[in-house]
Amino acid sequence: MSIAVLGAGAFGSALAISLAGSGPVTLWARDLRDMAARRENTARLPDCPFPKNLTLTDNLNDIAGADIILLAVPMQKLRQMLSANTEVLSGKHLVACCKGIELSTGIGPVSVIQQEVPDAIAAILTGPSFAADIARGLPTALTLACADDAAGRHLQQALTTANLRLYRTTDTIGAELGGALKNVIAIACGAAMGAGLGESARAALMTRGYAEMQRLARHLNANPSTLSGLSGFGDLTLTCTSDQSRNYRLGLALGLGETFDPGTTVEGAATARAVYDLSQAADLDMPITAAVAAVLDGRQDVPDAMKSLLARPLKEE
Ligand SMILES: NC(=O)C1=CN([C@@H]2O[C@H](COP(=O)(O)OP(=O)(O)OC[C@H]3O[C@@H](n4cnc5c(N)ncnc54)[C@H](OP(=O)(O)O)[C@@H]3O)[C@@H](O)[C@H]2O)C=CC1
Ligand SMILES: O=C(CO)COP(=O)(O)O
């Protein structure tokens, strides 16, 4: 069995480093830049050297022999990457490592894989983890979701390392939603903190944001218990409380009225818009998501968004 990682950003590089501790891994980037010479991803994951077992390539044919392929490109780039490379990806175990909902279709990464590479076995690896923690070998627990239970067991075994412990589920929709929606709530929490609204406001946004996550999950027939696991509650907790998170930091910048580097991968921005559209189409009450979409689109500022949330009709919890 051999493993390849497509996409050498922060997360793809970190996973490749971690997995190379247990066997050979090939890391593919469309542009290797100086990574081959330095044996490090200086731009996105500094101070985390590539181990000997990690082979770098910019030639997709070099991953043709891999049985398991991790897809570590941003959500909105996934379809394009898959459709350009269906031949080499066909029949493989394809594991999405991105977190988000596709803006143009309203679906998550597992469904995108199923559409673009129908004869692949599609799965998702998601949960609370910063790339730098994984690359440094700090203890991490994630969810591996695959609708095919036997394939899920195979992937769980193959992708577990000494410091990276994987739990398994067949609920791919629930796992996708947890990872996607927590980013939207993290933007809201960052915005509240940036605007000086306080820790209590953040706790309220996390809790009521979690209620929104459960609401959409139930509507899409996901198992609510998946949302209470690593991929939902676990990742919500991490992302809403750490300024290592880019989603949280975008929120902070919005709350402070500062600019934010548009080149940074912030999955929650497109996902907030995608989920807002889904909630409108399904007549689902998702006020925090709607507020984040409105702030991102410049239709509301952060204090006004919070005022609107507080002024909503009173209800049972
Ligand atoms: N960073 C983290 O801590 C974590 C990230 N994730 C998830 O991982 C996913 C990727 O994030 P992350 O690695 O941090 O992002 P980065 O911004 O660090 O890297 C994104 C990578 O994707 C590559 N890429 C973009 N488009 C394409 C394409 N069409 N074909 C090939 N490669 C492409 C980029 O290549 P290029 O450099 O050439 O543009 C870049 O290497 C996101 O969904 C994120 O939510 C999940 C858990 C933790
Ligand atoms: O998904 C993550 C943590 O689990 C990384 O969060 P950011 O994408 O916000 O940096």
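The values are calculated or read from the model by the stated rules, or taken from the named source; none is laboratory data. Remember, it's a predicted structure, so these values are computed and weren't measured experimentally. Here Cβ is always computed from backbone atoms with ideal geometry, including for glycine, and neighbour counts include all displayed protein chains.
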With outside the structural domain of Leu238 (by the TED database), within 19 Å of Leu230 (Cβ to Cβ) and under 16 Å from the mean Cα position of the chain (by Cα) as the only criterion, which of Ala175, Ala158, Ala186, Ala162 stands out? Ala175
Hey, can you tell me all the residues within the stretch 287-303 that are under 20 Å from the mean Cα position of the chain (by Cα) and in contact (Cβ under 8 Å) with a residue 24 or more places away in the chain? Ile288, Thr289, Val292, Leu296
Got a sec? Which of Ala123, Ala131 is touching a helix residue (DSSP H, G or I) at 6+ places or on another chain (Cβ under 7 Å), within 22 Å of Cys240 (Cα to Cα), within 16 Å of ligand 1 (Cβ to nearest atom) and modelled with pLDDT of 95 or more? Ala131
Quick check: anything in the stretch 22-30 touching a residue at least 60 places away in the same chain (Cβ under 8 Å) and within 16 Å of ligand 2 (Cβ to nearest atom)? no
Tell me, yes or no, whether the stretch 34-41 has at least one residue that is more than 16 Å from ligand 2 (Cβ to nearest atom) and under 20 Å from Leu142 (Cβ atoms). no
Restricting to the stretch 152-166, count the residues that are out of contact with any Gly (no Cβ under 6 Å at 6 or more places or on another chain), in contact (Cβ under 8 Å) with a residue 12 or more places away in the chain and either within 16 Å of ligand 1 (Cβ to nearest atom) or within 26 Å of Gln114 (Cβ to Cβ) (or both). 10
All strands (runs of 3 or more DSSP E) inside the stretch 54-166 with 2 or more residues being within 16 Å of ligand 2 (Cβ to nearest atom): 68-71, 93-96, 121-126, 140-146
List the residue pairs whose Cβ atoms are under 8 Å apart, where the first residue sits in the stretch 134-151 and is more than 13 Å from ligand 1 (Cβ to nearest atom), the second is at pLDDT below 95 and assigned to a helix (DSSP H, G or I), and the two are 6 or more positions apart or on different chains. none
Report the residue count in the stretch 89-109 for those that are surrounded by fewer than 22 Cβ atoms within 10 Å (Cβ to Cβ) and more than 13 Å from ligand 1 (Cβ to nearest atom). 8
Is it the case, given these coordinates, that Glu116 is under 21 Å from Gly152 (Cβ atoms), of a type in the set (Asp, Glu) and crowded, with 17+ Cβ neighbours inside 10 Å? yes
Are there any pairs, at least 6 apart or on different chains, whose C-beta atoms fall under 8 Å, with the first in the stretch 37-48 and touching a residue at least 24 places away in the same chain (Cβ under 8 Å) and the second in a strand (DSSP E or B) and within 16 Å of ligand 2 (Cβ to nearest atom), and if so, which? Cys48/Asn41
Quick one: what pairs do we get from the stretch 190-214, first residue under 23 Å from Ser279 (Cα atoms), second of a type in the set (A, V, I, L, M) and surrounded by fewer than 20 Cβ atoms within 10 Å (Cβ to Cβ), C-beta under 6 Å, 6+ apart or different chains? Ala192/Ala201
